[in-house]
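Colleague: Sharing a structure with you now.
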Amino acid sequence: MRHKPNLIPRMERCEHWQLRDPEELRGRWREEFPGYRELRLELGCGKGRFTCEQARREDGMMLLAVERVADAMVVAMERARDEQVENVRFMEKDAAGLRDIFAPGEISRIYINFPDPWRKTRQYKRRLTAPDFLALYADLLPEGGQVWFKTDNEPLFQWSLESFAQCGWAVESMPEGTPMTDYEAKFTEQGLPIYRVVATRPQGGDTP
């Protein structure tokens with residue numbers, strides 16, 4: 001993504017929607033957002049199309065969106081501001097550091113939409129459905145908590161199904177009609193297949 005001009009002032013104009021020091025909320029997210037029945041997490045929100053639509057559909061939950069690329073996140077923040085979506089907040093963070101942000105069981109669901117497939121074998125451990133990441137998610141989610149995963153990359157999808165199975169996660173089909181990302185809308189318009197699955201955390205959170 002190209003560098004956004006005036007990135008800092010643009011982000012400052014959306015500061016209501018950004019959490020700059022989320023580590024300070026570890027273990028007390030419910031105190032920070034007491035009016036919401038649950039907290040959900042999106043990894044890699046991109047430009048925020050899915051983020052804002054999902055939040056609008058379920059205004060009783062707070063959606064926390066994590067994005068490493070500030071130039072993408074500012075577009076998502078501006079979308080939330082312009083559409084006045086109040087039940088979403090954004091964090092410029094890496095998913096690898098989630099244990100520093102959330103205590104065990106604080107997140108009820110995780111969305112992973114069209115992540116980087118990391119195609120080279122030596123990069124597989126970076127995939128957001130790799131066993132180490134699944135162990136991380138198992139720590140964040142309560143029993144029965146889920147990961148909702150979408151991709152257009154069939155090899156990544158098949159590899160992810162194997163990873164879920166290896167780590168004891170039960171998988172099922174994703175309901176139809178979930179909000180689209182910008183990528184998904186583009187691929188769907190082109191008639192390309194989208195691969196979707198819902199994976200449920202193993203009992204006890206144990207992974208091999």
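Colleague: Looking at (1) more than 23 Å from T151 (Cα to Cα); (2) among the aliphatic types (A, V, I, L, M); (3) out of contact with any Phe, Trp or Tyr (no Cβ under 6 Å at 6 or more places or on another chain); (4) free of Cβ contacts under 8 Å to residues at least 60 places away in the same chain, which one does M61 not meet, given that it meets all the others?
Modeller: (3)
Colleague: Would you say R68 is in a loop (DSSP other than H, G, I, E, B), open to solvent by 70 Å² or more (accessible area, probe 1.4 Å) and modelled with pLDDT under 95? Step through it out loud before you land on a result.
Modeller: Working: in a loop (DSSP other than H, G, I, E, B): yes; open to solvent by 70 Å² or more (accessible area, probe 1.4 Å): yes; modelled with pLDDT under 95: yes.
Yes: the conditions hold for R68.
Colleague: Looking only at residues that are under 16 Å from Y183 (Cα atoms) and outside any helix (DSSP H, G or I) in the range 38-65, which one is modelled with the lowest pLDDT?
Modeller: Out of the qualifying residues, it is G46.
Colleague: Let me ask another. For the subset of the range 99-115 comprising residues that are in a loop (DSSP other than H, G, I, E, B) and in contact with an Asp or Glu (Cβ under 6 Å, 6 or more places away or on another chain), which member is most open to solvent (accessible area, probe 1.4 Å)? First the steps, then the outcome.
Modeller: From the range 99-115, those in a loop (DSSP other than H, G, I, E, B) are 101-108, 114-115; that's our starting set.
From what's left, in contact with an Asp or Glu (Cβ under 6 Å, 6 or more places away or on another chain): 101, 104, 108.
Details: I101: 2, P104: 102, S108: 29 Å².
Of everything passing the filter in the range 99-115, P104 is most open to solvent (accessible area, probe 1.4 Å).
Colleague: Return yes or no: is L43 closer than 24 Å to K186 by Cα, surrounded by 13 or more Cβ atoms within 10 Å (Cβ to Cβ) and among the hydrophobic types (A, V, I, L, M, F, W, C)?
Modeller: yes
Colleague: Moving on. From the set of residues in the range 79-98 that are open to solvent by 30 Å² or more (accessible area, probe 1.4 Å) and in a helix (DSSP H, G or I), which is modelled with the lowest pLDDT?
Modeller: Filtering first and then ranking leaves A96.
Colleague: Kindly indicate whether any position in the range 120-127 is under 15 Å from V197 (Cβ atoms) and open to solvent by less than 50 Å² (accessible area, probe 1.4 Å).
Modeller: Scanning the range 120-127, I find at least one residue that is under 15 Å from V197 (Cβ atoms) and open to solvent by less than 50 Å² (accessible area, probe 1.4 Å), so the answer is yes.
Colleague: Another question, if that's okay. Which residue is nearest to K47 (Cα to Cα), if the candidates are limited to the range 168-182 and must be surrounded by 13 or more Cβ atoms within 10 Å (Cβ to Cβ) and more than 15 Å from the chain's Cα centre (by Cα)?
Modeller: It comes out as M174.
Colleague: Could I ask something else about it? Condition test on C14, is it closer than 30 Å to L161 by Cβ, open to solvent by less than 10 Å² (accessible area, probe 1.4 Å), touching an Asp or Glu at 6+ places or on another chain (Cβ under 7 Å) and not small (G, A, S)?
Modeller: Taking the combined requirement at face value, the residue does not satisfy it.
Colleague: Related question: Quickly run through the range 128-154 and pick out the residues that are open to solvent by less than 10 Å² (accessible area, probe 1.4 Å) and not hydroxyl-bearing (S, T, Y).
Modeller: Passing the criteria: A130, L134, L136, A138, L140, L141, G145, V147, F149, K150.
Colleague: Also: Tally time: how many residues in the range 46-65 are open to solvent by 10 Å² or more (accessible area, probe 1.4 Å) and over 21 Å from D116 (Cα atoms)?
Modeller: 7
The values are calculated or read from the model by the stated rules, or taken from the named source; none is laboratory data. Since the model is a prediction, treat every value here as computed from it, not as a measurement. Because the Cβ atoms are built from the backbone with ideal geometry, glycine has one as well, and the counts that use them run over all protein chains shown. We work out accessible area using only protein heavy atoms, side chains counted, and drop any ligands, DNA or RNA first. Shrake-Rupley method; radii C 1.70, N 1.55, O 1.52, S 1.80 Å.
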